[in-house]
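Q: Quick one: this structure, given as structure tokens, is what I'll be asking you about.
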Amino acid sequence: MTELVKDTTERKLGQKIHKCKLCKAEGMFESYLVREMMQNTGEEFEYFVCGECNCLQIAKIPSDLGKYYGRDYYSFAQEEYPNIKYETPIKTKDKILDVGCGSGVWLFRKALAGWGNLHGCDPFLERDMHYGDRVHIKKCTIHEIEGEASYDEIRMGDVFEHMADPVEALQSAARLLKPEAVLAMDIPIFPNIAFEMFGAHWFQIDAPRHLFLHSRKSLEYLEEQSGLKIIKIEYDSDSSQIYRSFFYSFGVSFYEVTPELFFQYFDEETKQDMMKTTWQCNQAEYGDHAKIYWMHKDAAERVQHTSGMLEDIMKYAQETEYVDKSITSITMKI
């Protein structure tokens, strides 16, 4: 068995003076020392929990944040096919924007499944990218995307926590969304069972890439500032919230957690217990990850009082968000 050595560094820093970058509250806030664990650089970053909006956030955003998104970062793993000719017929030309899309893994799979009007943006790309005539990705932020009320859905798949300007990002999304369109967002959420168990070793802190780990209260603040309203929250954490945080507490980095190492420390019974605990935490809204669905405030209030309308909108949003990961061998010409 691989011998693991427990991290003995004191990561609770106690209360320190901070100013919340979100709600602007100032005071003595609980602070933590968090180690970078994906690239395993050994660097450490201070985070704190705002006493007003309860958002866990990095104390100082690195000026060179881009260096933590190298070409080996998982969201940049898709190979580009600029001259691809799709043989799958187009099923829909609904206009979709994937914000923080990396090299376009999700977009490319949607294109292979027959979606024909797909767009993305990511400031950490080296250049603009294309996948034939169906996928167009720009090296830019959401603020630089042109147009008003032009998208049938906007997606932020585990990207909102990376944004240094969350209020402005939501305002830009509001500008781009059609009147009754949905912003579908996946985010780690705080507090949760993993942070309760492992504190600063909670793997979703992902220092320094995750700048804001939002709480229900900080999401309410964002509603007030953005012109958007949350219409549904679904907690969907999985057991990685426990086992990855466990390994982080022993200094085992993200890519070092192999199946072989996992089963050295977790037998099948323990694995099932973790899955059960995770399910229970999701039911109690205490898991570490959630899907958040947003709409324009006036539209949200209207559809919530119209029988069946919200259900139809949610069904469309969930079907749009779904990507069939088995679609990898559809005939195509490059």
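The values are calculated or read from the model by the stated rules, or taken from the named source; none is laboratory data. The structure displayed is predicted, hence computed values, not measured ones. When we count neighbours, we look across all protein chains shown, and the Cβ atoms used for this are built from the backbone with ideal geometry, even at glycine.
Q: Tyr81 passes all but one of (1) out of contact with any Lys or Arg (no Cβ under 7 Å at 6 or more places or on another chain); (2) more than 25 Å from Glu126 (Cβ to Cβ); which number fails?
A: All conditions are met except number (2).
Residue by residue, here is whether (1) in contact with a helix residue (DSSP H, G or I) (Cβ under 8 Å, 6 or more places away or on another chain); (2) modelled with pLDDT of 90 or more; (3) within 27 Å of Val34 (Cα to Cα); (4) aromatic (Phe, Trp, Tyr) holds:
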| site | (1), (2), (3), (4) |
| --- | --- |
| Cys281 | yes, yes, yes, no |
| Met295 | yes, yes, no, no |
| His305 | no, no, no, no |
| Asp324 | yes, no, no, no |
| Ile334 | no, no, no, no |
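Q: Report yes if some residue within the stretch 204-214 is touching a Ser or Thr at 6+ places or on another chain (Cβ under 6 Å), touching a residue at least 12 places away in the same chain (Cβ under 8 Å) and not in a strand (DSSP E or B); otherwise report no.
A: Within the stretch 204-214, not a single residue is touching a Ser or Thr at 6+ places or on another chain (Cβ under 6 Å), touching a residue at least 12 places away in the same chain (Cβ under 8 Å) and not in a strand (DSSP E or B).
Q: Report yes if Asp158 is among the charged types (D, E, K, R) and within 29 Å of Tyr47 (Cβ to Cβ), otherwise no.
A: yes
Q: Could I ask something else about it? Working only within the stretch 142-171, note down all residues that are surrounded by fewer than 19 Cβ atoms within 10 Å (Cβ to Cβ) and not charged (D, E, K, R).
A: His143, Gly147, Ala149, Ser150, Ala164, Val167, Gln171
Q: Provide a single number: the residues in the stretch 263-279 that are in contact with a helix residue (DSSP H, G or I) (Cβ under 8 Å, 6 or more places away or on another chain) and either closer than 18 Å to Gln204 by Cα or not in a helix (DSSP H, G or I) (or both).
A: Residues flagged as in contact with a helix residue (DSSP H, G or I) (Cβ under 8 Å, 6 or more places away or on another chain) and either closer than 18 Å to Gln204 by Cα or not in a helix (DSSP H, G or I) (or both) within the stretch 263-279 amount to 4.
Q: Shifting gears a bit: Of the residues Thr306, Thr270, which is surrounded by 13 or more Cβ atoms within 10 Å (Cβ to Cβ) and of a type in the set (Ser, Thr, Tyr)?
A: Matching residue, one of Thr306, Thr270: Thr270.
Q: Also: What is the residue count in the stretch 1-19 for residues that are surrounded by 11 or more Cβ atoms within 10 Å (Cβ to Cβ), of a type outside the set (Val, Ile, Thr) and in a loop (DSSP other than H, G, I, E, B)?
A: Going through the stretch 1-19 one residue at a time, the tally reaches 3.
Q: Please determine, by comparing only the residues of the stretch 89-111 that are out of contact with any strand residue (DSSP E or B) (no Cβ under 7 Å at 6 or more places or on another chain) and not basic (Lys, Arg), which one is surrounded by the most Cβ atoms within 10 Å (Cβ to Cβ).
A: Only one residue tops the list, namely Gly102.
Q: Find the residue count for the stretch 32-58, including only residues that are out of contact with any His (no Cβ under 7 Å at 6 or more places or on another chain) and not in a loop (DSSP other than H, G, I, E, B).
A: Within the stretch 32-58, residues that are out of contact with any His (no Cβ under 7 Å at 6 or more places or on another chain) and not in a loop (DSSP other than H, G, I, E, B) number 12.
Q: Is the stretch 69-79 home to any residue that is more than 27 Å from Lys315 (Cα to Cα), within 20 Å of the chain's Cα centre (by Cα) and not in a loop (DSSP other than H, G, I, E, B)?
A: Yes, there is a match, as at least one residue in the stretch 69-79 is more than 27 Å from Lys315 (Cα to Cα), within 20 Å of the chain's Cα centre (by Cα) and not in a loop (DSSP other than H, G, I, E, B).
Q: Quick test for you: out of Ile327, Ile233, pick the one residue that is surrounded by fewer than 18 Cβ atoms within 10 Å (Cβ to Cβ), among the aliphatic types (A, V, I, L, M) and within 18 Å of the chain's Cα centre (by Cα).
A: The unique qualifying residue is Ile233.
Q: Scan the stretch 30-45 for residues that are farther than 20 Å from Ala164 by Cα, surrounded by 15 or more Cβ atoms within 10 Å (Cβ to Cβ) and not aliphatic (A, V, I, L, M) and jot them down.
A: If the condition is that a residue be farther than 20 Å from Ala164 by Cα, surrounded by 15 or more Cβ atoms within 10 Å (Cβ to Cβ) and not aliphatic (A, V, I, L, M), then Glu30, Gln39 are the ones that fit.
Residue by residue, here is whether (1) over 27 Å from Lys12 (Cβ atoms); (2) of a type outside the set (Val, Ile, Thr); (3) in contact with a Leu (Cβ under 8 Å, 6 or more places away or on another chain) holds:
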| residue | (1), (2), (3) |
| --- | --- |
| Arg209 | no, yes, yes |
| Lys217 | no, yes, no |
| Ser226 | yes, yes, yes |
| Phe250 | no, yes, yes |
| Lys276 | yes, yes, no |
| Glu285 | no, yes, no |
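Q: Any residue in the stretch 99-114 that's at positive phi: show its pairings with residues that are assigned to a helix (DSSP H, G or I) and not aromatic (Phe, Trp, Tyr) at Cβ separation under 6 Å, as long as the two are six or more apart or on different chains.
A: Pairs that qualify, where the first residue is at positive phi and the partner is assigned to a helix (DSSP H, G or I) and not aromatic (Phe, Trp, Tyr), are Gly102/Ser75.
Q: Have a look at Tyr248, Tyr235, Tyr255, Tyr286 and point out the one that is within 27 Å of Ala59 (Cα to Cα), among the aromatic types (Phe, Trp, Tyr) and at pLDDT below 95.
A: Residue meeting the stated conditions: Tyr255.
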